[in-house]
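Notes for the one structure printed next.
Values quoted throughout were computed directly from the atomic coordinates according to the rules given, and no laboratory measurement underlies them. Just so you know, these numbers come straight off a predicted model, no measurement behind them. In this analysis, Cβ positions are derived from the backbone assuming ideal geometry, glycine residues included, and neighbour counts consider all displayed protein chains.
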Amino acid sequence: MRTLALLSTTLPVAILSISQFASVAVSASPAQEPLAQNIQGSNEHHSQSNDHHHSHQSQKPNFLVFLTDDQDRRMNSLDHLPLVKKYIRDQGTEFTNYYTTTAMCCPSRVSLWSGQFAHNHNVTDESPPHGSYTKFVAQNLEQNWLPTWLQAAGYSNNYIGKFINGVSPTLKRAPKGFDKDHWEPLVAPNIYTFYTPIFATNDGPLEAHTGVYQTDIISDKSIAILDGLAQNKSNPFLFVISPTAPHDEVWLTPAGGTIFTPPVPAKRHEGLFKGAKAPRHPSFNPDKNDKVSWVGSLPKLTDSEVDRIDAIYQARLESLQATDELVERVIKRLEENGQLDNTYIVYTTDNGYHLGTHRMFAGKQTAYEEDTNIPFIIRGPGIAKGVKSNAVATHTHFPATVLKLAGLPVPDELDAHSIPVLENKAVYGKDQPTEAFAVEFWSQAFVENATARFDTNTYKSVRLIGQGYNLLYSVWCTGEHEYYDLTKDPFQIKNIYKKTKPSLLNRLDALLNVLRTCKGPTCRDPWSVIHKGDQGSHEDNNNNNNDNNKKAVRSLNDALSEKYDAFYANLPKFGFKDCLQYYLAENERTLPEHNEL
């Protein structure tokens, strides 16, 4: 059971003992367009600097990241943020095929800054022993991640707002790479309270607030930090601004139970979206349910539950309005300080959110599009304005993207290359387009604003988006499978696993077997692992058919050649031994176990 201690708003924080604090332990489509060929990529991309791009710049660029919590893309939250549109969407590029690879805040946020899948950084949950800041520190991840790489290059790294769960009065220090003077994270147990937030500084006292809206406090602090950074414009900076909205408000009852309630908007925004309803996509509370595991057991939502979903949707939109204002205020101050033109500004979130889709009430933690497909918009020098890109990317791509834009070396151990954000695609060398990536999860599923929890939510999926296909293939710890063709079924209504040709499923299993344990280059090019440099079939090799061996297998289209059918049919299939609530490599097996890829 995840725990969250209740801080009384009637007591000043100074008289509360440390023992009264506890770590927070919860976070918590349209049809596919033709894929643009706007990525090129690299055998050497992880060792080269982006000198070509920065030859004209007198100094390295700044990076400003707005990182919200649980913000959906599939329920159109961005369409209700006019200032984000004015200052970021209209001035930059929006990536419509951008994903989190683990739909939960702690794993996703660590992937964002480390460039690693959760199976590599092993922060897989929201509370100890498998998640939170405690696990992050124990894994020693702060020694080698984006903030330390930027700091070594002279960057000042600053943070305000939510980092991850588990930042507490007893563990509140800045992780390596962030400036101690500008490290002001939200602190448990009041990370998820909108009018009683608690902030920490590295070595200073806790700062408790009552009656002032959390996002407004973050806004004031952000302006103060920006003004300080403007005093020395020769030093580049990374500045992360992370309000909690639109995450639920979360408390613990006196009896120790966790309470989720809808997010609280600033008083000036209350009722602004009165009557708003969650989008009624075809996947919303469907009459038929062909899902698997716990999702397949869900009954149809009642009218009362649908009304509650609409109330949550309204509260989420209203809670985001202060973030919208924050964006405008910060960008205006950047401009006033003369730093806007040399700053890359990113707007993103940790994971998505579902409300009513596939009969699920409220939450995240699944591989469905509502939970994994998230906002990512970037503006700055060399980036096209007011356009959308369908290049495929994930949070694991983010560190390489920042390093490339900064003209810094990109470590080879990163699990993904740079997102092709610049109009000048020559910058990206020979980087291969990202086509396939893993979506992975090891924990319970819990329904927010309710009490239900499900122990069979451990799964691994492979997501493929390429020329002529848009697919999701999932293997659950229950032994069940899902397969969706999102080109024909963008809302993932029909699980066609049992109707799909084994020859295709064999290739998806092989790909999943690589991605389940991939690291660095093998994540970036999983097909080369399957074919191990042997680009023809075994029969082709035996016949010394050099013409067939010249073509590398770099995509599902390449791998679908009939000459590989027997090869893939003999490769092992992926499965789980048990429905564990944590990552254990030995629990993820290939079937039969004596076979190896």
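Remark on F237: its backbone amide H falls under 5 Å from those of N62, F63, S156, a criterion applied only to residues 5 or more positions apart or on other chains, H modelled at 1.01 Å from N. Along the stretch 76-86 the Karplus relation, 6.51 cos²θ - 1.76 cosθ + 1.60 evaluated at θ = phi - 60°, assigns HN-Hα couplings of 6, 4, 5, 5, 9, 10, x, 7, 4, 4, 5 Hz to successive residues, with x for each Gly and Pro. Based on the Stokes-Einstein relation at 37 °C and a viscosity of 0.692 mPa s, and on the Kirkwood radius from alpha carbon pairs, the stretch 339-498 is assigned a translational diffusion coefficient of 184 µm²/s. Cysteine residues of the chain whose C-beta has no other cysteine C-beta under 4.7 angstrom: C105, C106. Taking the stretch 419-456 and a reference point 7 angstrom along Cα→Cβ of A138, the backbone N atoms nearer than 17 Å belong to 442-444. Here the stretch 141-256 has an Rg and Dmax of 14.8, 54 Å, counting Cα atoms alone. Restricted to Cα atoms, the stretch 407-468 shows a radius of gyration and a Dmax of 18.2, 52 angstrom.
Of the chymotrypsin sites (Phe, Trp or Tyr not before Pro) found in the stretch 158-234, no site is in coil according to DSSP while having at most 11 other Cβ atoms within 10 Å of its Cβ.
Taken along the Cα-to-beta-carbon direction at a fixed 7 Å, the label points for D290 and Q467 span 3.0 nm.
The average projected area of the chain, computed from the convex hull of its Cα atoms over all directions, is 25.9 nm². Counted by Cβ distance under 14 Å from T348, the other residues give a net charge of 0, where Lys and Arg count +1 and Asp and Glu count -1. Sequence-ordered 3J(HN,Hα) estimates for the stretch 138-154 from the Karplus curve with 6.51, -1.76 and 1.60 and θ = phi - 60° stand at 4, 6, 6, 6, 6, 6, 8, 8, 3, x, 6, 5, 5, 4, 5, 9, x Hz, glycine and proline given as x.
Distance between the C-alpha centres of the stretch 68-119 and the stretch 475-537: 24 Å, rounded to the whole angstrom. From helices alone, the chain scores -6000 deg cm²/dmol at 222 nm; the rule is -39500 (n - 2.57) for each run of n ≥ 4 DSSP H residues, then divide by the residue total. Sparse packing (at most 16 other Cβ atoms within 10 Å of the Cβ) combined with a DSSP loop state is found for the following trypsin sites (Lys or Arg not before Pro) in the stretch 334-387: K385.
With the Kirkwood sum run over all distinct C-alpha pairs, the stretch 381-441 has a hydrodynamic radius of 12.6 Å. In order along the stretch 207-219, the phi-based Karplus estimate (6.51 cos²θ - 1.76 cosθ + 1.60, θ = phi - 60°) of 3J(HN,Hα) comes to 10, 9, 10, 9, x, 10, 5, 3, 5, 5, 5, 4, 4 Hz; Gly and Pro are listed as x. E440 sits among other residues whose Cβ lies under 9 Å from its own Cβ, and their net charge, with Lys and Arg +1 and Asp and Glu -1, is +2. Loop-located trypsin sites (Lys or Arg not before Pro) in the stretch 458-535 (DSSP state not H, G, I, E or B) with no more than 11 neighbouring Cβ atoms inside 10 Å: K488, K532.
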